[in-house]
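Participant: The structure that follows is given in the form of structure tokens.
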Amino acid sequence: MRKHLLASLWLLGSTLVLCSVAYPAALLLIGRPAFPFQAEGSLIRDPQGQVVGSRLIAQPFTRDEYFWPRPSAGSYNAAASAASNWGASSYLLRDRVARSLGAVVKYSTGPRNGQAVARDIEDWFHTDTYQGQPGIVAQWAKLHPTLAQNWVKADQRNEEFVAAWQRAHPAEVASWIRDNPSIAEPRPTDLAVPFFVSFSAHFPGTFLALVERTTPDGKSEQRLEPVRAGEDIQAVFFDMWRQEHPDVALQHVSGDAVMASGSGLDPHITLNNALSQLDRVAAKWAEMTRRDRAQVRSEIEALLREKSAAPLGGLAGVDLVNVLEVNLALQNRYSP
């Protein structure tokens, strides 16, 4: 018995030393001299030497002058790296994909071939009619109560706005409590549907979005206000617009433009995805630099093709572009 116990302890100790000490030490001693860039996390620095990210981890870019990465199920948080695990029939997956499509999808035939549908979504939204009934926002909240609740939970300012409405509309709140007697003290998320029904009645043809405003002391702040245009409307209501226009032919969109990767941190997008964003990026840089749009577009396209590469030296997969590297190259090239 003693002999077997000593053998087991020796095996445990040697395994611990080998796996927890010797192996990491060997990687450190060999890795840092041989692969210093990779050993330090593949960090990317700006011209001033400041670390701006890693070429292995995606970052959220949302401004028009930058290429956008793949959607992330973990909000681009490395500590929460994960897939959504939503199946193909998932209600939430459909909504996330639809939101991604609203601002980027284009017509594929007819006189508007190649033009974005975003402006037409806004024009349709202004009619404030869906399936022949008035009140698009109210119908959206009733048809998709989970999405309405998610909107409230998405930002503390959203929740505070609904809470203020709750205090100012005791009659609507009391009516909701009568219909839901099991919840005597509803939270703002519980009241998402009646809130949007009330909002739709008072502000037809508009939706709530954060708007940049200047305060009296000269500072800039974001406030929730009714808006008649913008990415929020294009994203949230694309699915409803599509259901009312099922026969409109639209261009195919790269899957990585609307689907999250398994980790939620994939730093690359396909070259096709990048090229589909090219017009938006080039137009914004041309506006900011006061240069010819066609020339800027040609320069950025050349940059994309220069920095694109397929895995394993082109032996596997399609051409990919590292979003952070390309965006930094654009910033270094066009920023004053």
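The values are calculated or read from the model by the stated rules, or taken from the named source; none is laboratory data. Everything numeric here is computed off the predicted structure, so don't read it as measured data. A quick note on method: Cβ atoms are made from the backbone with ideal geometry, for glycine too, and the neighbour counts reach across all protein chains shown.
Participant: Taking into account only those residues within segment 299-312 that are of a type in the set (Gly, Ala, Ser) and either in a helix (DSSP H, G or I) or touching a residue at least 12 places away in the same chain (Cβ under 8 Å) (or both), which is surrounded by the fewest Cβ atoms within 10 Å (Cβ to Cβ)?
Facilitator: The initial filter retains those residues of segment 299-312 that are of a type in the set (Gly, Ala, Ser), namely 302, 308-310.
Checking which are either in a helix (DSSP H, G or I) or touching a residue at least 12 places away in the same chain (Cβ under 8 Å) (or both) leaves us with 302, 308.
On the way: 302: 10, 308: 19.
Filtering first and then ranking leaves 302.
Participant: For residue 40, only one of the following conditions fails: (1) modelled with pLDDT of 85 or more; (2) surrounded by 11 or more Cβ atoms within 10 Å (Cβ to Cβ). What is its number?
Facilitator: So the condition that residue 40 fails would be (1).
Results for (1) in contact with a Pro (Cβ under 9 Å, 6 or more places away or on another chain); (2) over 22 Å from residue 100 (Cβ atoms); (3) surrounded by 19 or more Cβ atoms within 10 Å (Cβ to Cβ), shown as yes or no for each residue.
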position: 121; (1), (2), (3): no, no, yes
position: 140; (1), (2), (3): no, no, yes
position: 169; (1), (2), (3): yes, yes, no
position: 181; (1), (2), (3): no, yes, no
position: 214; (1), (2), (3): no, yes, no
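Participant: Can we say residue 209 is surrounded by 15 or more Cβ atoms within 10 Å (Cβ to Cβ), of a type in the set (A, V, I, L, M) and in contact with a Gly (Cβ under 7 Å, 6 or more places away or on another chain)?
Facilitator: Working: surrounded by 15 or more Cβ atoms within 10 Å (Cβ to Cβ): yes; of a type in the set (A, V, I, L, M): yes; in contact with a Gly (Cβ under 7 Å, 6 or more places away or on another chain): yes.
Yes.
Participant: Test each condition in (1) surrounded by fewer than 10 Cβ atoms within 10 Å (Cβ to Cβ); (2) under 30 Å from residue 235 (Cβ atoms) for residue 57 and report the one that comes out false.
Facilitator: Here residue 57 clears every test but (1).
Participant: Just to be sure before I move on: is residue 113 surrounded by fewer than 18 Cβ atoms within 10 Å (Cβ to Cβ), in contact with a strand residue (DSSP E or B) (Cβ under 6 Å, 6 or more places away or on another chain) and either without any contact (Cβ under 8 Å) to a residue 60 or more places away in the chain or not in a loop (DSSP other than H, G, I, E, B) (or both) in the structure I sent?
Facilitator: Numbers: surrounded by fewer than 18 Cβ atoms within 10 Å (Cβ to Cβ): yes; in contact with a strand residue (DSSP E or B) (Cβ under 6 Å, 6 or more places away or on another chain): yes; either without any contact (Cβ under 8 Å) to a residue 60 or more places away in the chain or not in a loop (DSSP other than H, G, I, E, B) (or both): yes.
Judged against the criteria, residue 113 is a match.
Participant: Can you find, within segment 313-336, the residue that is modelled with the lowest pLDDT among those that are of a type in the set (S, T, N, Q) and surrounded by fewer than 13 Cβ atoms within 10 Å (Cβ to Cβ)? Lay out the reasoning, then the answer.
Facilitator: Residues of segment 313-336 of a type in the set (S, T, N, Q): 322, 327, 331-332, 335.
Next, from what is left, pick out any that are surrounded by fewer than 13 Cβ atoms within 10 Å (Cβ to Cβ): 332, 335.
Details: 332: 89, 335: 83.
Only one residue fits best here, namely 335.
Participant: Give 66, 76 a once-over and let me know the one that is at pLDDT below 85 and outside any strand (DSSP E or B).
Facilitator: On the way: 66 fails: at pLDDT below 85.
When all the criteria are applied, what remains is 76.
Participant: Now for a different question. Any idea which of 265, 191 is of a type outside the set (Phe, Trp, Tyr) and touching a residue at least 40 places away in the same chain (Cβ under 8 Å)? Walk me through it before giving the result.
Facilitator: Numbers: 191 fails: touching a residue at least 40 places away in the same chain (Cβ under 8 Å).
Within the list 265, 191, the selection yields 265.
Participant: Filtering segment 116-147 down to residues that are part of a loop (DSSP other than H, G, I, E, B) and not hydrophobic (A, V, I, L, M, F, W, C), which residue is nearest to residue 188 (Cα to Cα)? First the steps, then the outcome.
Facilitator: Taking segment 116-147 as the starting set, the residues that turn out to be part of a loop (DSSP other than H, G, I, E, B) are 117, 127-128, 131-132, 135, 144.
Retained after the next criterion (residues that are not hydrophobic (A, V, I, L, M, F, W, C)): 127-128, 131-132, 135, 144.
Values: 127: 28, 128: 25, 131: 28, 132: 30, 135: 21, 144: 16 Å.
Across segment 116-147, the extreme among qualifying residues is 144.
Participant: Turning to a different aspect of this structure: Being over 14 Å from residue 276 (Cβ atoms) and in contact (Cβ under 8 Å) with a residue 12 or more places away in the chain is the filter here, so list the residues in segment 116-133 that pass it. Steps first, answer last, please.
Facilitator: First, the residues of segment 116-133 that are over 14 Å from residue 276 (Cβ atoms): 119-133.
Residues satisfying the conditions are 120, 121, 122, 124, 125, 126, 127, 128, 130, 131.
Participant: So which residues in segment 84-103 are of a type in the set (A, V, I, L, M), surrounded by 18 or more Cβ atoms within 10 Å (Cβ to Cβ) and in a helix (DSSP H, G or I)? Reasoning before the result, please.
Facilitator: So the first thing to find is which residues in segment 84-103 are of a type in the set (A, V, I, L, M), and the list is 88, 92-93, 97-98, 101, 103.
Narrowing further to those that are surrounded by 18 or more Cβ atoms within 10 Å (Cβ to Cβ): 93, 97-98, 101, 103.
Hits for segment 84-103 are 93, 97, 98, 101.
Participant: While we're here: Testing residue 230 on (1) in contact with a Phe, Trp or Tyr (Cβ under 7 Å, 6 or more places away or on another chain); (2) on the phi > 0 side of the Ramachandran plot, one condition comes back false. Which one is that?
Facilitator: Going through the list (1) in contact with a Phe, Trp or Tyr (Cβ under 7 Å, 6 or more places away or on another chain); (2) on the phi > 0 side of the Ramachandran plot, residue 230 breaks only (1).
Participant: Quick check on my filter: what residues within segment 156-201 are part of a helix (DSSP H, G or I), of a type in the set (D, E, K, R) and under 15 Å from residue 146 (Cα atoms)? Working first, answer last.
Facilitator: Start the filter on segment 156-201 by keeping residues that are part of a helix (DSSP H, G or I), which leaves 156-168, 170-179, 192-201.
Subset that is of a type in the set (D, E, K, R): 157, 159-160, 167, 172, 178-179.
The answer is 159, and nothing else.
Participant: Determine whether segment 43-52 contains at least one residue that is among the small types (Gly, Ala, Ser), under 22 Å from residue 76 (Cα atoms) and under 29 Å from the mean Cα position of the chain (by Cα). Quick ask: steps written out before the conclusion?
Facilitator: Kept after step one, since they are among the small types (Gly, Ala, Ser), are these residues of segment 43-52: 49.
Still in the running and under 22 Å from residue 76 (Cα atoms): none.
No - not one qualifying residue is present in segment 43-52.
Participant: What about residue 159, is it over 28 Å from residue 280 (Cβ atoms) and either in contact (Cβ under 8 Å) with a residue 60 or more places away in the chain or in contact with a helix residue (DSSP H, G or I) (Cβ under 7 Å, 6 or more places away or on another chain) (or both)?
Facilitator: Numbers: over 28 Å from residue 280 (Cβ atoms): yes; either in contact (Cβ under 8 Å) with a residue 60 or more places away in the chain or in contact with a helix residue (DSSP H, G or I) (Cβ under 7 Å, 6 or more places away or on another chain) (or both): yes.
Here the answer is yes, as residue 159 does meet what is asked.
Participant: Separate question: Could you list, ordered by first residue, the pairs with Cβ atoms under 9 Å in which the first is in segment 91-104 and in contact (Cβ under 8 Å) with a residue 12 or more places away in the chain and the second is of a type in the set (Ser, Thr, Tyr) and buried (at least 19 other Cβ atoms within 10 Å of the Cβ), at least 6 apart or interchain?
Facilitator: From residues that are in contact (Cβ under 8 Å) with a residue 12 or more places away in the chain, the pairs are 104/276.
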